[in-house]
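For reference, the structure is listed below as structure tokens.
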Amino acid sequence: MAAPCRKMASRSFSQLLCYFSRTAVGSGACRRFSVTSIDRATPRASTAADRATSPWSLMAAVCLQRLPVITADCSPIEQRFKQMLQQMELEKSMLSDHELRLMEDAERMSRRQADDYDSDEDLGDQEIMMTQDLEDSWEQRLKNFQPAPRVRADIDEDLTSVQRCLADSLVLLAEQQVGAEKLWLLPQAAWQEGETLRQTAERALNSVTAAGVKATFLGNTPCGVYKYKLPKAARTENSVGVKVFFFKAILADGTPGSAPTASLLWLKKSELQKYLKPAYMMNVGRFILNL
């Protein structure tokens, strides 16, 4: 009886060891899972804390463009190409009603001068307007017509007027206080908690332009970013520099006026380098297009 008891005891002890080993493995796996989840959650919490205590200040700026109002002057090659197309259209086109009537009048005049002219062809006492008379009246109306000037020197030289350089695209610059100096920049404002960067850009535009200005923003995503560090004297542990995110907008309608506390300039892209710093101009010039 002792032998069977030993076998049963040995079997039960081995089964007990297997049970404890499985339990230990399972608990170890649970420990490893819990430790892993804590390790994964820790970087997220630290990332959120880093954002809250980031030494970089966020700002949003808007690149407001006024598109061309009139077409630009043709270049010499464009002018030659235009004349070639007009000549091709003239050669391949059919006669217009006015040209057909002109030929009929010429034929009627030739018959009137001939001996076999029949006076019954005329419409009695009714006065007939000849095509040549029509052309003379059109020529007189053309001479009396005065088109608006394409170039107005007095307005084109006024950098504060949005009506200058109607054949070019213009960009709005605002004089803003940055530290201890005033700089010409795209309208910008500091980001405030609770608003999106686009809302910050819209607020920056409203702060420097008239209330009636309508601008169409081209999307919710910034088109560029500019980062700069503060002067060493102004740097602190919690403030190292500024990151500016740019948004593009198109002037819809209305003539914006300058606010009492802001100076505005409407400049062509070729004129921006006179007012912007080189590093700032290099970043801004990447997304300003001559449309």
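Which length gain, in nm to one decimal place, applies between GLN113 and LYS227 when the Cα-Cα distance is subtracted from 0.36 nm times their residue separation?
Here the answer is 32.3 nm.
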Extension gain (nm, one decimal) between ASP105 and VAL151, 0.36 nm per residue minus Cα-Cα
12.3 nm
Stretched fully, the stretch from PHE81 through ALA279 gains (0.36 nm per residue minus C-alpha distance, one decimal, in nm) 67.2 nm
Ranked order, MET94, MET109, MET59 - accessible area, probe 1.4 Å, largest first
MET94, MET109, MET59
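The values are calculated or read from the model by the stated rules, or taken from the named source; none is laboratory data. No experiment lies behind these values; they were computed from the predicted model shown. Calculation scope for accessible area: heavy atoms of the full protein, side chains included, ligands and nucleic acids excluded. Shrake-Rupley method; radii C 1.70, N 1.55, O 1.52, S 1.80 Å.
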